[in-house]
Amino acid sequence: MTDSQRILITGAGRRLGKVLAQHYLDNGWQVLAHFNSACELAHHAALKTVQADLSDPGAVGRMCEWLVQQGPVNAVIHNASCFIADADAADLARHYEQHQRVHVTAPARITAALSDQWAEGAAMISISDIYADIPNQRFAAYCASKAGLQNWSLSMAQRLKGRVRVNVIQPGPVQFLPQHDAAYRERVLSQSLTGRELGYGAIVQACDYLLSAEAVCGTVMRVDGGRFVANRYDQTFSD
Ligand SMILES: NC(=O)c1ccc[n+]([C@@H]2O[C@H](COP(=O)([O-])OP(=O)(O)OC[C@H]3O[C@@H](n4cnc5c(N)ncnc54)[C@H](OP(=O)(O)O)[C@@H]3O)[C@@H](O)[C@H]2O)c1
């Protein structure tokens, strides 16, 4: 990695996106950090921020106009995500549209806007979820739109062949929240094969790998401590 490289990370205001942005700043990258409600990143000479609600087509359009002013891009991580249970949606049509816009339409428009800006050897990563491949009736809009993000990303691997390597990361549950009690943590960890909380570092490590692995393109990489496999086993053989 050289200090001339530029990366766009969506949803970089907090949590995983913020950790990724700080990691690439610490490693000498110029970071274009998209955020929605608030950006917790500290001022940095190599950091530029852009606010956009990715469920708002007008805001995505303004973000795309801003992006084309920023020069060549070596890497993009589509990380922004909304995660709302279907039962919590007041308006089901709006709920599904919101997930589709944030997880599929916005990444598609952002990627199209960058079409003349990809630097030599560029790479793009979409952060999906193991639940893109595991139905979950409580979060059906989330799962369906993450599956859409995944499939769209692999189409982009085809469309951008020879210019941009596109890959997908499917995290399992990454980091417990303060409200997760001991029983919940124990249950989740018992459903993984490694039996350990992944932590944001696991996803950072996977992004580093995919950004540098020149032979890897069109791959869906699970970074879940084996939870997908554990899930499959439980669903097949448990009582
Ligand atoms: N955390 C996990 O255990 C886990 C497990 C599997 C997959 N993942 C995936 O890993 C990624 C990062 O996880 P995370 O827990 O850090 O995600 P998160 O906090 O749920 O969301 C990531 C970012 O997306 C932004 N966002 C939400 N709605 C948006 C909108 N309408 N427009 C623009 N940005 C919006 C959020 O900003 P605001 O808060 O400002 O809205 C936030 O900064 C996500 O893609 C997630 O689906 C996470």
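The values are calculated or read from the model by the stated rules, or taken from the named source; none is laboratory data. Bear in mind that the values here come from a model prediction, so they are computed numbers and not experimental data. Heads up, the Cβs are rebuilt from the backbone with ideal geometry, glycines too, and the neighbour counts pull from every protein chain shown.
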Check your understanding: Somewhere in segment 153-160, is a residue within 20 Å of residue 232 (Cα to Cα), among the polar types (S, T, N, Q) and buried (at least 20 other Cβ atoms within 10 Å of the Cβ)?
Key -> no
Check your understanding: Given the residues 50, 19, which is the only one that is touching a Phe, Trp or Tyr at 6+ places or on another chain (Cβ under 6 Å), farther than 18 Å from residue 108 by Cα and at pLDDT 95 or above?
Key -> 19
Review point. Among the listed residues 214, 186, which satisfies the condition of being of a type in the set (D, E, K, R) and in contact (Cβ under 8 Å) with a residue 24 or more places away in the chain?
Key: 214
Check your understanding: Name the pairs: first residue in segment 13-37 and at positive phi and outside any loop (DSSP other than H, G, I, E, B), second residue modelled with pLDDT of 95 or more and near the ligand (Cβ under 10 Å from one of its atoms), Cβ to Cβ under 8 Å, at least 6 apart or on different chains?
Key -> 15/200
Review point. Can you name the number of the only condition in (1) among the hydrophobic types (A, V, I, L, M, F, W, C); (2) within 14 Å of the ligand (Cβ to nearest atom); (3) within 26 Å of residue 68 (Cβ to Cβ) that residue 176 fails?
Key: (3)
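Quick check: anything in segment 84-102 closer than 21 Å to residue 21 by Cβ and surrounded by 15 or more Cβ atoms within 10 Å (Cβ to Cβ)?
Yes - at least one qualifying residue is present in segment 84-102.
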Check your understanding: Within the bounds of segment 59-71, is there any residue that is of a type in the set (A, V, I, L, M) and within 17 Å of the chain's Cα centre (by Cα)?
Key -> yes
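Anything in segment 120-138 that is aliphatic (A, V, I, L, M), crowded, with 17+ Cβ neighbours inside 10 Å and touching a residue at least 40 places away in the same chain (Cβ under 8 Å)? List them, or say none. If you could, list the steps in order and put the result at the bottom.
Step one: list which residues in segment 120-138 are aliphatic (A, V, I, L, M), which gives 122-125, 127, 130, 132, 134.
If we keep only those that are crowded, with 17+ Cβ neighbours inside 10 Å as well, we get 122-125, 127, 130, 132.
Those that are aliphatic (A, V, I, L, M), crowded, with 17+ Cβ neighbours inside 10 Å and touching a residue at least 40 places away in the same chain (Cβ under 8 Å): 122, 123, 124, 125, 127, 130.
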